[in-house]
Amino acid sequence: MARRRWIADTWDEATASISGDQAAHLIRVLRAQAGMEFDIVAGGQVWHGVIAGITGDAVRFNLVAEVEADPALPVTLLLSVFKFDRMEWAIEKATELGAERIVPVIARRSEKHLAQAAASRAERWRRVAMEASKQARRSDVPRVDDPLPLRTAIREEGEYVRLVLAEQERSTTLRSALAEALAAAGDDAPTIRIAVGPEGGWTGEEEAMFDAESWKAVSLGPRILRVETAAITAMAVAAALLE
Ligand code: SAM
């Protein structure tokens, strides 16, 4: 049977510890005892861990062997802030599908009150990503950034393939753009960023900004998808091509 998985808060080459909610659950609900065995995610790797000790509200494990695990997809999702319940759902599913990083972005048409409240939601989004990582048996937890203005997020420097989902795009599909990027990268895996617009879509000014920053508009087909559907579909298309 698969071992239950915990995400280490601190670790070194031989031991790891968890604290907070994870440790409270392990100690009180699962009645942690020395010698119990689990999988421990630490530093992007998964370890077979054995409880070495319980002190107060923390559990310490000896890391006895590395467990083979799949890396995240090299995909960063720029997710425009939208209704929080559906946004959480999108973060959960993008994590299950392997996103490496999620950047909540404030777009022009992100609802004002949601844009204002977004900064205080970031911790909760990180917890959603952590729980989804455990459930999906990932070897890492995607980084979830503090919300950024769209302009800042799309100007971040680095070598990556820049793709913006645009429902009015007719000629280039996400699939074809990714296939082209893969072919161009040869033996190296390309790093990809995909931007998803808010419920009202991108403004003309934002489209021009994407264009000026060399982001390519791509389509997910002729139907207009809700934001969360677009985000999940994009991750699924990327997973199908990159894995
Ligand atoms: N402007 C639209 C409207 O109100 O008619 C809808 C925007 S859509 C709900 C939200 C976002 O999902 C878009 O900005 C885009 O990033 C993405 N999206 C939805 N359907 C898409 C499609 N068929 N192709 C590419 N992106 C899509």
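The values are calculated or read from the model by the stated rules, or taken from the named source; none is laboratory data. Note that the structure is predicted; figures quoted are calculated from it, not measured. No Cβ is skipped: glycine too gets one built from the backbone with ideal geometry, and neighbour counts run over all protein chains shown.
Remarks
- Every residue from the range 1-20 that is surrounded by 12 or more Cβ atoms within 10 Å (Cβ to Cβ) and of a type outside the set (Lys, Arg): Trp6, Ile7, Ala8, Asp9, Thr10, Trp11, Thr15, Ala16, Ser17, Ile18, Ser19
- Annotation note: of Ala117, Ala136, the sole residue that is surrounded by fewer than 18 Cβ atoms within 10 Å (Cβ to Cβ), free of Cβ contacts under 8 Å to residues at least 60 places away in the same chain, under 21 Å from Val237 (Cα atoms) and not charged (D, E, K, R) is Ala136.
- Just one residue in the set Gly200, Gly186, Gly158 is at pLDDT 95 or above and surrounded by fewer than 16 Cβ atoms within 10 Å (Cβ to Cβ); that residue is Gly200.
- Close Cβ contacts (under 7 Å, 6 or more residues apart or on different chains) running from residues in the range 214-243 that are surrounded by fewer than 20 Cβ atoms within 10 Å (Cβ to Cβ) to residues that are assigned to a strand (DSSP E or B) and of a type in the set (Ser, Thr, Tyr) comprise Ser219/Thr173.
- For Thr173, the requirement of being touching a Leu at 6+ places or on another chain (Cβ under 9 Å), within 16 Å of the ligand (Cβ to nearest atom) and free of Cβ contacts under 8 Å to residues at least 40 places away in the same chain is not met.
- When Leu63 is tested against (1) more than 25 Å from Val161 (Cβ to Cβ); (2) not assigned by TED's automatic domain parsing to the domain that holds Val46, just one condition goes unmet, and that condition is (2).
- Scoring Pro147 on the criteria (1) closer than 30 Å to Val29 by Cβ; (2) touching a residue at least 12 places away in the same chain (Cβ under 8 Å) leaves a single failure, condition (1).
- Failed item in (1) under 22 Å from the mean Cα position of the chain (by Cα); (2) of a type outside the set (Phe, Trp, Tyr); (3) in the same structural domain as Asp146 (by TED's automatic domain parsing); (4) not in a strand (DSSP E or B), with Asp21 passing the rest: (3)
- Residues considered: Val128, Val144. Of these, the only one that is under 19 Å from Ala94 (Cβ atoms) and either at pLDDT below 95 or in contact with a strand residue (DSSP E or B) (Cβ under 6 Å, 6 or more places away or on another chain) (or both) is Val144.
- Any hit, the range 203-225, residues being in a strand (DSSP E or B), over 28 Å from Phe84 (Cβ atoms), modelled with pLDDT of 95 or more and more than 8 Å from the ligand (Cβ to nearest atom): yes
- Any chance Glu205 is out of contact with any Phe, Trp or Tyr (no Cβ under 7 Å at 6 or more places or on another chain) and of a type in the set (Asp, Glu): yes
- Looking across the range 120-133, the residues that are without any contact (Cβ under 8 Å) to a residue 40 or more places away in the chain and buried (at least 21 other Cβ atoms within 10 Å of the Cβ) come down to Trp125, Ala129.
- Of all the numbered requirements in (1) touching an Asp or Glu at 6+ places or on another chain (Cβ under 9 Å); (2) closer than 20 Å to Leu97 by Cα, Leu78 misses one, and that requirement is (1).
- In the range 211-243, the residues that are β-branched (Val, Ile, Thr) and in contact with a Ser or Thr (Cβ under 9 Å, 6 or more places away or on another chain): Val218, Val227, Val237
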